[in-house]
Amino acid sequence: MQEFPSRRKAAWCARILVVDDEPRLASGLQRALTLAGHEADTAGYGRRALEALQTRVYDLMILDLALPDMSGIQVMERALQLQPDLLVIVLTGRSNLESVIAAVKLHAADYLLKPSGLAEIIEAVVAALQRRAAQVRERVALRTVSQALEILQQSDAGDAAE
Amino acid sequence: MSEPASILIVDDEAYVRTSVGRALELSGYAVQMAADGEEALQRLAAATCDLMLLDLRLPGMSGTAVMRTASQLYPELLIIVLTGYADEESAIAAVQSGAVDYLCKPISVHQVVAAVDITLRAHTDRLRRRALMQALAQTMEALAALPLERFIEPARPRNDSTLRAGSLVLDVARRQVRAADHGEDRAAELTEEETAVLAALMAQPGRIISARVLARGVHGQEMTEWEAEQLLRPLVFELCRKLASHAGRPDAMRNARRAGYFLAVD
């Protein structure tokens, strides 16, 4: 993992919300993400995370599923209602089949099991951002092409009318 | 939609293939079938497919391997897992392959059709994109017969200038950036897109340039600010990394809240 020596000044790449009830893990992750060039906030429980999502736009959320006040899946559902474009990486110690299936249905970007190394988590973040960028790129390219086709068809129709 | 959505059923049990297949055909879908992973990948390669219903326990190549391969080769393909042996490991593989649903047998044919309906309705944009790509392919075929050279502007002469801003030196033609007091052997190699973004920022140090303007410079296409930000993120990430490790300028590129990026002069 490459580190940025000066972390407060560098351009952040993505705005990330870390939701985990273990303060040590959350702040460690926050530091690692910041060093990797992102801007990270933390929330220790579900309602706190939803408050944060109501006040700021995030690109990505790293979500522990075992939270003290709400189930992680509930948090994910509400978070996606608030910010439909949010990418969610699940990072959990106590996983079960039901929650993984819920994560599939909610289109989580990734599902990592604790303990995951910081490098592995940062890599998953980059991969999720890259996939999103690829989708947007395709969307923009196709829109440009369809607009061009439309213009061509209109000018064809104009030629035919003359 | 003029053409029916096309669905590939991958299951080693003939009974499942035909019963689910018939129900989907009755709902108006075009159905293809495969009895194992190899056949599934062959069918995906041979014809466009919108959605794959995939059983995970297959003879030969495993279902998760089929899922990972298919999602890499065809990012637009919608995948619904249909399995009699649900387990955590395969469900995690489903998340990572971008599958959109995970159904557990026993399940009624009715419920499978309902899941397919819901998925396709939620992803009409992908189907429209497929229709557009087909129209485009046909147009390209027609265009290939025309002498296109006369419509295309001659390529701009390569920009061989060197940009300097503070301690940064960017060789635009060779796509290399380095610190002014470093030798060329320590320069970082940039991609074409990274070069374009850095050149735009270095041309006007200290000035905030919006993501949209930067992305337009890179891709030559109009887009929303949100789209531009999504496109730039991985690029900015890589660029910052290279500036930190090769040019000793970890903090050269800065964010101005949501207004855009600028180059801080040291």
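The values are calculated or read from the model by the stated rules, or taken from the named source; none is laboratory data. No experiment lies behind these values; they were computed from the predicted model shown. FYI the Cβ positions are ideal-geometry reconstructions off the backbone, even for glycines, and counts take in every protein chain you see.
Brief remarks on what is shown
- Pairs, first more than 13 Å from chain A (Cβ to nearest Cβ) in region B:101-118, second not aliphatic (A, V, I, L, M), C-beta under 6 Å, six or more apart: B:K105/B:G84; B:V109/B:S19; B:V113/B:S27
- When A:A14, A:A10, A:A36 are checked against the criterion of being within 12 Å of chain B (Cβ to nearest Cβ), surrounded by 23 or more Cβ atoms within 10 Å (Cβ to Cβ), touching a Pro at 6+ places or on another chain (Cβ under 7 Å) and at pLDDT below 95, A:A10 stands alone in meeting it.
- Condition met for B:A199 (modelled with pLDDT of 90 or more and touching a Gly at 6+ places or on another chain (Cβ under 9 Å)): yes
- The requirement of being facing chain B (nearest Cβ under 7 Å), surrounded by 19 or more Cβ atoms within 10 Å (Cβ to Cβ) and farther than 20 Å from B:S71 by Cβ is satisfied by A:V140.
- Index of the failed condition, A:D69 passing every other in (1) touching a Phe, Trp or Tyr at 6+ places or on another chain (Cβ under 7 Å); (2) buried (at least 19 other Cβ atoms within 10 Å of the Cβ): (2)
- When B:A259, B:A228, B:A252 are screened for being in the same structural domain as B:R178 (by TED's automatic domain parsing), touching a residue at least 24 places away in the same chain (Cβ under 8 Å) and farther than 20 Å from B:E189 by Cβ, only B:A259 passes.
- B:A23 meets each of the listed conditions (1) out of contact with any helix residue (DSSP H, G or I) (no Cβ under 7 Å at 6 or more places or on another chain); (2) touching a residue at least 60 places away in the same chain (Cβ under 8 Å) apart from (1).
- Residues of region B:72-100 that turn out to be under 20 Å from A:S99 (Cβ atoms) and either at the interface with another protein chain (Cβ under 8 Å from one of its Cβ atoms) or small (G, A, S) (or both), as a count: 15
- Check on A:I151, in a helix (DSSP H, G or I), over 18 Å from the mean Cα position of the chain (by Cα) and at the interface with another protein chain (Cβ under 9 Å from one of its Cβ atoms): no
- Residue within region A:75-91 that is more than 15 Å from the chain's Cα centre (by Cα) and free of Cβ contacts under 8 Å to residues at least 40 places away in the same chain present: no
- Yes/no for B:P59 being within 27 Å of A:R137 (Cα to Cα) and assigned to a loop (DSSP other than H, G, I, E, B): no
- Residues of region B:209-222 that are farther than 13 Å from A:A133 by Cα and facing chain A (nearest Cβ under 9 Å): B:G220, B:Q221, B:E222.
- Contact annotation: residue pairs with Cβ atoms under 6 Å, 6 or more positions apart or on different chains, pairing a residue in region B:26-44 that is over 12 Å from B:P4 (Cβ atoms) with a partner that is crowded, with 16+ Cβ neighbours inside 10 Å and acidic (D, E), are B:A35/B:D12.
- A:I101 vs. criteria within 20 Å of A:T34 (Cα to Cα) and touching a strand residue (DSSP E or B) at 6+ places or on another chain (Cβ under 9 Å): no
- The number of residues in region A:32-85 being part of a helix (DSSP H, G or I) and over 16 Å from A:A124 (Cα atoms) comes to 21.
- Summed over region B:111-146, residues that are part of a helix (DSSP H, G or I), loosely packed, with under 12 Cβ neighbours inside 10 Å and among the hydrophobic types (A, V, I, L, M, F, W, C) total 5.
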